[in-house]
Amino acid sequence: MGSKVICRAKEFYKIIRALQDEKSNEPFAYEEDIQMLKMNGDRIPVLNMYYGSQPVLICEKAVPKLSEADDQPMTSNCSDNDDDAGGDDNADANALQAELGPQPLTIMKARQFLSWYTLSQNVNVSSVDNNPALHPLWVRCDMSDPAGTTWFGAETVCMGNRVSGVKLYSVTCKGSTVDKGSLITLDKLKQEHKKRHHPTSMAIKGSARFNLFGSTLVENTIIESQSSVTVDFKWSHVESILETPPLSSIATLNIKVASGDMKSPMYEMYRELEFLQTLADGLRTGETEWVEPLENMSAVNLTTAFLEELQDTAKSLQERAAKTADITKLKTETDIFNSFLERGDLDFVEQLWVRMRKSVTSYQDIGDCLKLVTEALRYGDIKPWIHRDSSSSLSKLILQSYHQQIDHVSLTGITPVQMLLEMGLDKMRKDYINYLIGEELTTLNHMCYYVSTEVDLQEQVIRLRKLHHLLEIIETCRTFLGLPYDRLFLLTQSCLQHYKTHPYDEEHEFKLQIKPALISHSYQQEQPVLWGAEVSSGHGSCEVRTSVQLSDRPLVDHVIFETDYPNETVNGDGESPAFYSTMVCCSLVSFA
């Protein structure tokens, strides 16, 4: 019997070692209905506090898709008739949707995996080689035991390069309740820790997360938002369950902002950037989805009126006002931008861009408008001024017109679209530079990567989108949180540095450490979405912890909790918020 167990342990080790060494994160089939995955710990709420972005191995029940009936899973070479069959039911599994979430294993099966994991790492078991340490292993459980266990976990303890023991974890959960009296107390949490570890001294730490910006509750209906700002607190000397984090806490903002929110002061700039993206996509794919024009007047008529306005500089203000009555709305473009990024020094090319981006609906419109402009330049009808650092093709033609020497430009094919795209890139770059430098949030040297014209037009658009996302983040923190200049400055530098080496990603969470006093008005009267207390003892690799997490949503996604108190609180709304309880206990097994 002992040799059979060791055989299974060694076989199990080979499989999880192969998974650990595999570069891919694809699921790894084991036995008939079990799969293993490698992922970062921060993708699972319960494990995030222990592992963060470190890799862990997850073991769960596999639910086959309808197209997977013929798949051949990996099986062990060792036979074991005593193993738990896992309750596989192919008929039920085939009826499930592919979108079904992760599924748990039985408690017995989970214990078996942890046993094999521990044996494979024990150098004192003669039949097991001195194996390198494995990643932590966590197994989803079905809560079928009296404690209501939802996870079992194991991780190695090392002294130098030698595995000296294993830490075993159990996670138990309870459904939500509004009765705070039924929640575990700090004294009971300490007693639970003492019962397992008999420490001579203990430390207790607190943590909490609050929503500062994001989803809201309107008449018991959650209005989801793609943007969110939460704050994490950590502190020592916890005195009571659900206590408010003290002002001495370490506070970190987690900022995730999605562009395009109509409530954002950046919304008009977002629409302008979207038109820019439409042009870039058209150049890349050959197909353009034109948006509904924002102006009633056609693009050609707007351009003609603009050119006539420049030519009629000798006319009285009254005559000019009468002549251009139809484009009064257009002239208030900068008034529309008063909400954000107003710039009063738009040159000729930028003003032309403003008119065209709100009115063109076809490639023909772009070509006709630019033809009107180039002919007016060629015949000397206009002498417009432009910014000295303008880099668009049209700006270069204007500079040539000052010397009555204009290169011939064939306004056919994709040339007009490229010219219009260059005009928009030039204008929007100056908008962003004007704001960031004007607010003293950065310097031009720090923006070289984002405003470079040495890369192709597609890459210029990508970098401009990154810059726009940065401004969305800054303005969210300024407008809705009221952060002071020094925090906005640090956040700007962090975002600029991040996007130099990372792709555009609205799902990325930017971190910013702040003093709790800066946002005390935003959280002290609110209910946390996550609150935790952790009792610990021991030092270094031998440290053991017992913790409880209270949350407004379940921290476990593979079981359904029965509760009479569905959570209906977001951002602190509601007088009696309901909390789910998740407890994590740890045991240290040392190899003698």
**Q.** Ser522 accessible area, assembled protein chains, probe 1.4 Å, Å²
**A.** 30 Å²
(Q) Among the listed pairs Lys234/Lys263; Lys14/Lys38; Lys466/Lys511; Lys430/Lys500, which have their C-alpha atoms separated by more than 22 angstrom in this model? (A) Lys234/Lys263
Q) Given the pairs Lys109/Lys194; Lys180/Lys205; Lys174/Lys515, which are separated by over 22 angstrom at their Cα positions? A) Lys109/Lys194; Lys174/Lys515
Q: Distance between Cα centroids, segment 1-48 to segment 340-368: provide it in whole Å.
A: 58 Å
Q. Got a sec? What order do Met266, Met39, Met159 fall in by accessible area at 1.4 Å, biggest, i.e. largest, first?
A. Met159, Met39, Met266
Q. Which whole-number percent gives the relative contact order of segment 450-565, counting Cα pairs below 8 Å spaced six or more residues apart?
A. 15 percent
Q. Roughly how many Å² of Cys158 are accessible to a 1.4 Å probe, to the nearest 10?
A. 50 Å²
Q.
Quick one: 3J(HN,Hα) in Hz for segment 140-156, Karplus 6.51/-1.76/1.60 with θ = phi - 60°, rounded, Gly and Pro as x.
A. 6, 10, 9, 6, 7, 8, x, 6, x, 6, 10, 9, 10, x, 8, 9, 7
Q. Roughly how many Å is it from the Cα centre of segment 142-161 to that of segment 243-272, as a whole number?
A. 36 Å
(Q) Please give me the summed charge of the neighbours of Leu512: other residues whose Cβ is under 14 Å from its Cβ, Lys and Arg +1, Asp and Glu -1. (A) +2
Q) Just by accessible area at a 1.4 angstrom probe, what is the order of Glu295, Glu509 from largest to smallest? A) Glu509, Glu295
Q) Would you list Arg429, Arg43 from the most to the least accessible area, probe 1.4 Å? A) Arg43, Arg429
Q.
If I ignore ligands, DNA and RNA and count only protein heavy atoms, how much of Val166 is accessible to a 1.4 Å probe, in Å² to the nearest 10?
A. 0 Å²
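The values are calculated or read from the model by the stated rules, or taken from the named source; none is laboratory data. This is a predicted model, so every value here is computed, not measured. Backbone-built Cβ (ideal geometry, glycine too); neighbour counts: all protein chains shown. Ligands, DNA and RNA are stripped out before the accessible areas are found, and what is left, the full protein with its side chains, is counted by its heavy atoms. Shrake-Rupley method; radii C 1.70, N 1.55, O 1.52, S 1.80 Å.
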